[in-house]
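Notes for the one structure printed next.
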Amino acid sequence: MVSTQQLKAIMPFATLGKITVFLDPLNATMEEFFINTWMRKAAFLAQLAHESGQFNYVEEIASGAAYDGRADLGNTKPEAIALAELSSTSPGRYFKGRGLIQITGYANYKACSWGLLNSRALLDKPELLKTPELACRSAGWFWNEHELNTLADQGKFEKITRVINGGLTHIQQRRAFYAKALLVLPKDMP
């Protein structure tokens, strides 16, 4: 388990209010997805710190329009287009990044929805990923689906960043969060 004080030390710009909102769902998520060692927790929390702007964002700031027409995200699938049109928007905007790791695109929402909820709930209501529980659990699901615990165990932080980000965007900031997490979290933490 991580504490309020540890999260505040890792993410100094996270408000105590935000930490309080995410603390229990975050600890439950780490337990559910076996993010249970010093190295795993440090890597996971560092990536969340960056991706969520230190718990300030559970939805991408950009409109999502840049994802329109992205076949690699499934946003050209007929169902993606139809669901977006029901909400008078486009697939990129409808399936924009949400959650603490920013699940993005129809294909990822579909996989996450069935993987976490065994239903299509996230396809019909993608904003559910903004709730504290699902913002955390979707991050844990993504982490687990991409076997990032194994990379964390090996200390391959850059490879984790590439999986999450598709590149090394803001790697220095991510590394700073990682270094801080490694210092703050006790090594013998179960």
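The values are calculated or read from the model by the stated rules, or taken from the named source; none is laboratory data. Quantities reported herein were computed from a predicted structural model and do not represent experimental measurements. Every residue, glycine among them, receives a Cβ derived from its backbone with ideal geometry; neighbour counts consider all protein chains shown. Just the protein is used for accessible areas: all its heavy atoms, side chains included, with ligands, DNA and RNA removed. Shrake-Rupley method; radii C 1.70, N 1.55, O 1.52, S 1.80 Å.
What does the accessible area per residue of the chain come to in Å², with a 1.4 Å probe and no ligands, DNA or RNA counted?
Working: 8870 Å² over 190 residues.
For the chain, the per-residue accessible area is 47 Å².
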Put a dot 7 Å past each Cα toward the Cβ at Glu147 and Glu79; how far apart are the dots in nm?
2.6
Which value at 222 nm does the chain reach when only helices count, each DSSP H run of 4 or more adding -39,500 (n - 2.57), with the total divided by all residues and rounded to the nearest 500 deg cm²/dmol?
-17000 deg cm²/dmol
Just how much of Glu31 is accessible, in Å², when a 1.4 Å probe is used and the result is rounded to the nearest 10?
140
Using the Kirkwood radius over Cα pairs of the range 13-106, the Stokes-Einstein translational diffusion coefficient at 37 °C and 0.692 mPa s, in µm²/s and rounded to a whole number, is 223
Probe 1.4 Å, all chains present, heavy atoms only: Leu168 accessible area in Å², nearest 10, is 60
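Just need the relative contact order of the range 86-141 here, percent rounded to a whole number, with Cα pairs under 8 Å and 6+ apart. Walk me through the numbers before you get to the answer.
On the way: 67 pairs, mean separation 20.2, N = 56.
With pairs under 8 Å counted, the relative contact order is 36 percent.
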Roughly to the nearest percent, how much of the accessible area of the chain is carbon and sulfur, given a 1.4 Å probe?
56
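Using R₀ = 30 Å, calculate the FRET efficiency as 1/(1 + (r/R₀)^6) where r is the Cβ-Cβ separation of Thr131 and Lys187; round to 0.05. Walk me through the numbers on the way to the answer.
On the way: r = 33 Å, r/R0 = 1.09.
It comes to 0.35.
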Send over the per residue convex hull volume for the range 1-44, Cα only, as a whole number of Å³.
61
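May I ask you to rank Trp143, Trp38 by accessible area, largest first, using a 1.4 Å probe over the protein chains only?
Working: Trp143 0, Trp38 50 Å².
I get Trp38, Trp143, largest accessible area first.
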Apply 1/(1 + (r/R0)^6) to the Cβ-Cβ distance of Val21 and Gln154, taking R0 = 25 Å, and write down the FRET efficiency to the nearest 0.05.
0.20
Can you give me the distance in nm between label points at Ser87 and Gln173, each placed 7 Å from the Cα along the Cα-to-Cβ direction?
2.5
One finds, for Leu117 and Ala65 with R0 = 25 angstrom and r their Cβ-Cβ distance, a FRET efficiency to the nearest 0.05 of 0.40
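Local charge sum around Thr131 (other residues, Cβ-Cβ under 12 Å, Lys/Arg +1, Asp/Glu -1)? Walk me through the numbers before you get to the answer.
On the way: positive: Arg98, Lys125, Lys130, Arg137; negative: Glu59, Glu127, Glu133.
In short, +1.
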Of all the Cα-Cα pairs you can form in the range 73-185, what percent are over 20 Å apart?
46
So, over other residues within a Cβ distance under 14 Å of Lys180, counting Lys, Arg +1 and Asp, Glu -1, the net charge is +4
Filter on Lys156/Lys180; Lys77/Lys159; Lys130/Lys156; Lys125/Lys159; Lys18/Lys187; Lys18/Lys41 - keep pairs with C-alpha separation over 22 Å
Lys77/Lys159; Lys130/Lys156; Lys125/Lys159; Lys18/Lys187
Residue by residue through the range 142-147, which ³J(HN,Hα) values in whole Hz follow from phi under the Karplus form 6.51 cos²θ - 1.76 cosθ + 1.60 (θ = phi - 60°), with glycine and proline marked x?
4, 4, 5, 4, 9, 6
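Give me Rg/Rg_expected for the chain, where Rg uses Cα atoms only and Rg_expected = 2.2 N^0.38 Å with N residues. Intermediate results must be reported in sequence, preceding the final value.
Numbers: Rg = 16.2 Å, N = 190, 2.2 N^0.38 = 16.2 Å.
Ratio of Cα Rg to 2.2 N^0.38 Å: 1.00.
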Counting only protein heavy atoms and leaving out ligands, DNA and RNA, the solvent-accessible surface of Arg162 at a 1.4 Å probe, in Å² to the nearest 10, equals 130
